[in-house]
Amino acid sequence: MTSIAIVGAGPQLGLAIARTFGSQGYDVALVSRNRAKLDDLVATLTAEGITAAAFPADVLDRDALTQALKDAAAQFGGIDVLEYSPVGTFGITTLTTPAGTEPSHVEFELNFQLYGAIAATRAVLPAMREAGAGTLLYTTGAGSIWPDPRVANVNAAAAALRNWVMNLHKELLGTGIQAAHVGIDSSIGVSVIPGVEAARPEQISPMYWELHTTKRDEDELVFKLDDKSFPRG
């Protein structure tokens, strides 16, 4: 049996990715800090015939995140695909312009995006190396590629995560394990930044399946509403 762990699972992109993989027979481990919301997602997927389970953990709590992924691996016989895409919430995430950014604004985002991704990777990568197979996928907004000064602190951390993923992809060449970055050049579900059109999550989720199956040599795909996706170039 194959499985995917979705870190930062929610009712938009996380649920769409779960459906994409679950419809192909994958077990789904859902990881986020809110147990009640996870239980709702599990109930939705179960009703659709997809095997899913909740593993509550905050990505800012490294030990809890590591344990959640270990518990998921134990329940599902391993983790074949890791997808990392936690999203900050209003009231927690502060958006700053470049000149208005303080070190603490970037520090929080680095903890949330880069350091959480590193912790999640360290929890699943050793078993993937042993098996000689696996897929590691990491999601950011496209500001990691094309910066937007309205969200400078978030962009800085996202760019750091993207750089780390690109390096991880190079390190893992020839091991049977793929690491890739997904950049999303739109809001998801509802528009949150003026001038940025919102995409439906089901428009984006097939990209993750493509990276896992037919585009394993790619280190990045970018979603754009006008042409859906294209490789970095």
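Kindly provide the Kirkwood hydrodynamic radius of region 1-46 in Å, to one decimal, from all pairs of distinct alpha carbon atoms. Walk me through the numbers on the way to the answer.
Numbers: mean 1/r = 0.0971 Å⁻¹.
The Cα-based Kirkwood calculation yields 10.3 Å.
Classify region 95-220 as rounded, prolate or oblate from the Cα gyration tensor: take a ≥ b ≥ c as the square roots of its eigenvalues, call it rounded if a/c is under 1.5, otherwise prolate when a/b beats b/c and oblate if not.
On the way: a/c = 2.53, a/b = 1.46, b/c = 1.73.
Oblate, because a/c is 1.5 or more while a/b does not exceed b/c.
What is the pair-distance distribution P(r) of the chain, computed from all Cα-Cα distances in 5 Å bins starting at 0, with each bin given as a whole percent?
Histogramming the chain at 5 Å steps yields 1, 7, 15, 20, 21, 18, 11, 5, 1, 0, 0 percent.
Please compute the length gained on full extension between L173 and L60, using 0.36 nm multiplied by the number of residues separating them and subtracting their Cα-Cα distance.
Between L173 and L60, full extension yields an extra 37.8 nm.
Give me the aspartates and glutamates in straight-line cross-link reach of K37: C-alpha distance below 15 Å, same-chain residues under 8 apart excluded.
Qualifying aspartates and glutamates at Cα under 15 Å: D58.
What do you get for Rg/Rh of region 121-180 when both radii come from the Cα atoms and Rh is the Kirkwood radius?
1.09
Express as a percent, rounded to the nearest 5, the fraction of DSSP beta bridges in the chain (both residues included) that run antiparallel.
10 percent
Run through all the Cα pairs of region 44-112 and give the fraction in each 5 Å bin from 0, expressed as whole percent.
P(r) for region 44-112, in whole percents per bin: 3, 12, 18, 19, 16, 11, 9, 6, 4, 1.
Nothing charged except the Cβ atoms of Lys and Arg (+1) and of Asp and Glu (-1): what's the magnitude of the dipole of the chain about its Cα centre? Round to the nearest 20 debye.
100 debye
Provide the descending list of Cα extents for region 59-160 along its principal axes, expressed in whole angstroms.
47, 25, 19
Per 0.36 nm of contour for each residue apart, how much would the distance between A74 and E48 grow if the chain were fully extended, relative to their Cα-Cα spacing?
So the chain would gain 7.0 nm between A74 and E48.
Read the figures in this text as sums done on the coordinates, not as results from a lab. The structure displayed is predicted, hence computed values, not measured ones. FYI the Cβ positions are ideal-geometry reconstructions off the backbone, even for glycines, and counts take in every protein chain you see.
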